[in-house]
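To start, the structure itself, in structure tokens.
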Number of protein chains: 2
Amino acid sequence: MTDFTKTRELFHMPDGLIYLDGNSLGPLPKAAQARVARMMTEEWGERLIRGWNDCGWMAQPTRVGDRIGRLIGAPAGTVTTGDTLSIKVYQALAGALEMRPDRKVVLSDTGNFPTDLYMASGLLDTIGRGYELKLVEPEAVEDAIDDSVAVLLLTEVDYRTGRLHDMAGLTAKAHAAGALTVWDLAHSAGALPVDLAGAGADFAAGCTYKYLNGGPGAPAFIYVAPEHADAARPALSGWLGHEAPFAFDLDYRAGAKIERMRVGTPPVIALAALEAALDAWDEVDMADVRRASIALGDLFIAEVERRCPGLELGSPRDGNARGSQVSFLFDEGYAVMQALIARGVIGDFRAPKTMRFGFTPLYIGESEVLAAAEILERVIAGRLWDRPEYRTRSAVT
Amino acid sequence: MTDFTKTRELFHMPDGLIYLDGNSLGPLPKAAQARVARMMTEEWGERLIRGWNDCGWMAQPTRVGDRIGRLIGAPAGTVTTGDTLSIKVYQALAGALEMRPDRKVVLSDTGNFPTDLYMASGLLDTIGRGYELKLVEPEAVEDAIDDSVAVLLLTEVDYRTGRLHDMAGLTAKAHAAGALTVWDLAHSAGALPVDLAGAGADFAAGCTYKYLNGGPGAPAFIYVAPEHADAARPALSGWLGHEAPFAFDLDYRAGAKIERMRVGTPPVIALAALEAALDAWDEVDMADVRRASIALGDLFIAEVERRCPGLELGSPRDGNARGSQVSFLFDEGYAVMQALIARGVIGDFRAPKTMRFGFTPLYIGESEVLAAAEILERVIAGRLWDRPEYRTRSAVT
């Protein structure tokens, strides 16, 4: 049984803050702070170039990948880290598309996070030759899978609503139609149990700055199913994915399995932060996290609906059908969120009217949920959001 | 006049070490250490998601890009940072190629750093349609530029020999033949004066962990000439290159100018290290750096040739024809380098027989050069390299 009073102690949380935005940026793990300080002084500072050998920097991307793999049902040696989620989606999609050369359709949905769609469209424009990015509503995905589809590109948890796709079911349907799957786990990894191998997923990618608490702009990860790992061409064929990077050959020869999905020189400092952040998961059972996060989300929904009848639930009511966040819709959602933030309740806002609240049991408990609902009630009932300063949009909304 | 006794104080250098490998990984700037510590505790730790607005994280990539721009002759607003050099080369090459749709040849040379060739070949395979990556010897590049060439893809300073390409001359020749240029500045930025705008370069990219001292795996930079900035399609079209990332549109619309070359969420912690590292350049005149680095390289060549007649110079003898490094060739170069490292002289080795020594006046002076040459003499004359432990290759050679 996971002891959430202990995991809470692993994070730095500013006094008086109710942080319900771990779905956007996880808080600072104390271990990451210490690890990065050591990285700067003892590794970079003292070992300099020797750190690549002495401090294990070169093996770091896949070593960290294996630790993430344990949380997402990926066998050892099938996950590596680096770059950004956008880049890893591009690699995964390019690899998958070439394995279905006779098909020209990438199927995705309008609930996918935009960067996945942008990267896909950039890739298809680069390839040219009549490819199509076909978008349907999330609910229509299952019926849209047919034998024209080369790749099904989906984000498991909808970033706006928290709605959860059925990864195993849709993957099976895609395979039955002869298509491959690329799953984006941005809002899944660390939020809920994921079983990539069990679901038969072909490719997956995710970010680590949300529920994995790797820090702002932390490196992404990519998964390639073992049966594809030696077949997939890494379209972004950088030197660290080469079979022998330090032979400095003029010709590219893809490295073995997941190593070929590495691209350039790894982001050593950021990976050190991420590696230390993953320590928090050592004593955690993901099934416990899931149970607790559903309970926190259910409690928040009940409290908010009781206290703020003007807000509309923007997430599935059934906890098993949503990820680890709850959204409420309100025309003045942006101003309400600013008013909440000014009162120490941090969620975030997604245009046009979604207020998102993330529930991460590693460092959030019932008392924070109750306090947040109470403050939300005061803001709504007292129209405290109705001030010019809360309506002024900032660069990052 | 740059005061190199002052710049030396800006770096942490381990006691007793003679560090001639800043061309691979620059040393730790004290300012970067302090800045990253603040980033972890005061920004990530205390501000959490609010850091994107409060701490300027969102504007960081292009703000840092402008500071690099000053060192490479790039006007404000033409450089941004993020990703790795491999990724930025891919973006630059893809953008350039599409601007010459009637041509199918990418011309490069065998002295280019392999990852540039690997990324180019990955891109051409993705595009398909009969593209060719044509490689010639570095000395043959000029004559190989003809009207079949779409893009000339070169690294200004050869990573093995330090040989310097004539950026202005080759760019002019390329333009006269109707081709565009992509310059890799990995061994140029911070090593010698670069004048991208003056040379008329179309695209450029570089890394920041060498002479710019940004830390292991620090983010890369990309330059797009002002006349191309609103025309070049960013093949890696991530959400932060979108005209309005936080509108979460389903369709990609490229952002203005260099902003479109941003891809995913920026690596905030690594960029903080880099931004602080760039402080070292505030009081530095690049012409002084160049003069001093040539003098150090000349001194090293003279000392080594006098003391170690068995070594063959692998770099241009004329300081104006080489970058900021000097290479010597020796069949047992790997073992010699290990023996040197064991004696506190850090250079590096590139297969099959290149020993590289980098001279960076910001923290290296004559006394280190003389001491390094003396230790090299002892290693060679005494055959101190001839031990099994120095011949065992490590992961990163």
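Quick note: the coordinates plus some simple rules give every number you see, no bench work behind them. For clarity, every value in this text was computed on a predicted model and none was experimentally measured. All Cβ positions, glycine included, derive from the backbone under ideal geometry; neighbour counts span all protein chains shown.
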Within-13-Å neighbourhood charge of residue A:221 [Cβ basis; K, R +1; D, E -1]:
+2
Among the lysines, which fall within straight-line cross-link reach of residue B:88, defined as a Cα-Cα distance under 16 Å, with same-chain neighbours fewer than 8 residues apart omitted?
A:88, B:257
Measuring from its Cα centre, chain B shows a charge dipole (+1 at each Lys and Arg Cβ, -1 at each Asp and Glu Cβ) which, in debye to the nearest 20, is 680 debye
Residue A:110/residue A:227 FRET efficiency (R0 35 Å; Cβ-Cβ; nearest 0.05)
0.70
Need the C-alpha centroid separation for the stretch A:41-60 versus the stretch B:44-58, integer Å.
29 Å
To the nearest Å, what is the center-to-center distance of the stretch A:131-146 and the stretch A:323-348, using C-alpha atoms only?
31 Å
In terms of the charge dipole of the protein assembly as shown, which places +1 on Lys and Arg and -1 on Asp and Glu at the beta carbon, the residue among B:94, B:206, B:358 farthest towards the positive end is B:358
Could you work out the relative contact order of chain B? I mean the mean sequence separation of Cα pairs under 8 Å and 6+ apart, divided by the number of residues, in percent.
22 percent
Nitroxide proxy distance, nm - points 7 Å out along Cα→Cβ at residue A:299 and residue A:386:
3.2 nm
In the stretch A:219-268, which GluC sites (Glu not before Pro) fall in coil by DSSP and have 14 or fewer other Cβ atoms within 10 Å?
A:243
In chain A, with Lys and Arg counted as +1 and Asp and Glu as -1 at Cβ, which of these residues, A:188, A:376, A:16, has the Cα nearest the positive end of the dipole, that is, farthest along it?
A:16
Among B:35, A:129, which comes first, second and so on when ranked by fewest other beta-carbon atoms within 10 Å?
A:129, B:35
Suppose every Lys and Arg Cβ carries +1 and every Asp and Glu Cβ carries -1, with no other charges. What dipole size does the stretch B:285-391 come out with about its Cα centre, to the nearest 20 debye?
240 debye
Please find, in a Gaussian network model of chain B (springs between Cα atoms separated by less than 10 Å), the residue of B:193, B:14, B:316 whose mean-square fluctuation is greatest.
B:14
Can you grab the distance from the C-alpha centre of the stretch B:8-27 to the C-alpha centre of the stretch A:63-94, Å, no decimals?
34 Å
Which one, B:117, B:149, B:81, projects farthest toward the positive side of the charge dipole computed for the stretch B:78-150 from Cβ point charges (K/R +1, D/E -1)?
B:81
Could you work out the mean count of beta carbons from other protein chains within 10 Å of each residue's beta carbon in B:232-245?
5
Share of antiparallel DSSP beta bridges in the stretch A:31-281, in percent to the nearest 5?
40 percent
With an 8 Å Cα cut-off and a minimum separation of 6 or more residues, compute the relative contact order for the stretch A:34-193 in percent.
20 percent
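What is the average number of partner chain Cβ atoms found within 10 Å of a Cβ in B:253-263?
The shielding value for this peptide is 1.
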Could you tell me whether chain B comes out rounded, prolate or oblate from its Cα gyration tensor? Rule is a ≥ b ≥ c as square roots of the eigenvalues, rounded for a/c under 1.5, then prolate if a/b exceeds b/c, otherwise oblate.
oblate
Can you list the copy-to-copy distances for residue A:34, using a point 7 angstrom from Cα toward Cβ, in nanometres, shortest first?
2.6
Calculated from DSSP H runs of 4 or more alone, at -39500 (n - 2.57) each and per residue, what is the 222 nm mean residue ellipticity of chain B, nearest 500?
-10000 deg cm²/dmol
For the protein assembly as shown, compute Rg over Rh where Rg is the Cα radius of gyration and Rh is the Kirkwood radius from the inverse mean 1/r over Cα pairs.
0.98
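Antiparallel DSSP bridges in the stretch B:89-219: what percent, to the nearest 5?
5 percent
Tell me, B:175, A:187 in order of fewest to most beta-carbon neighbours within 10 Å? Walk me through the intermediate numbers first.
Numbers: B:175 15, A:187 26.
Placing the least packed residue first, the sequence is B:175, A:187.
Kindly identify the stretch A:141-258 as rounded, prolate or oblate by the Cα gyration tensor criterion: order the square roots of the eigenvalues as a ≥ b ≥ c, call it rounded if a/c is under 1.5, otherwise compare a/b with b/c, prolate if a/b is larger, else oblate.
On the way: a/c = 2.54, a/b = 1.33, b/c = 1.90.
Because a/c hits 1.5 or more and a/b fails to exceed b/c, the stretch A:141-258 counts as oblate.
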How would B:15, B:109, A:3 line up from fewest to most surrounding beta-carbon atoms within 10 angstrom?
B:15, A:3, B:109
Dipole of the stretch B:133-261, Cα-centred, from +1 at each Lys and Arg C-beta and -1 at each Asp and Glu C-beta, to the nearest 20 debye?
400 debye
Looks like the stretch B:285-391, by Cα gyration tensor root eigenvalues a ≥ b ≥ c and the a/c under 1.5 rounded cutoff (else prolate when a/b is bigger than b/c, oblate otherwise), is prolate
In a shell of Cβ-Cβ distance under 12 Å around residue B:76, excluding residue B:76 itself, what net charge do Lys and Arg (+1) and Asp and Glu (-1) give?
+3
Sorted by average packing, counted as other Cβ atoms within 10 angstrom per residue and highest first, what order do B:200-210, B:284-294 take?
B:200-210, B:284-294
DSSP beta bridge pairing in the protein assembly as shown, given as percent antiparallel to the nearest 5:
55 percent
Mind checking B:270-276 for the average number of partner chain beta-carbons within 10 Å of each residue's beta-carbon?
3
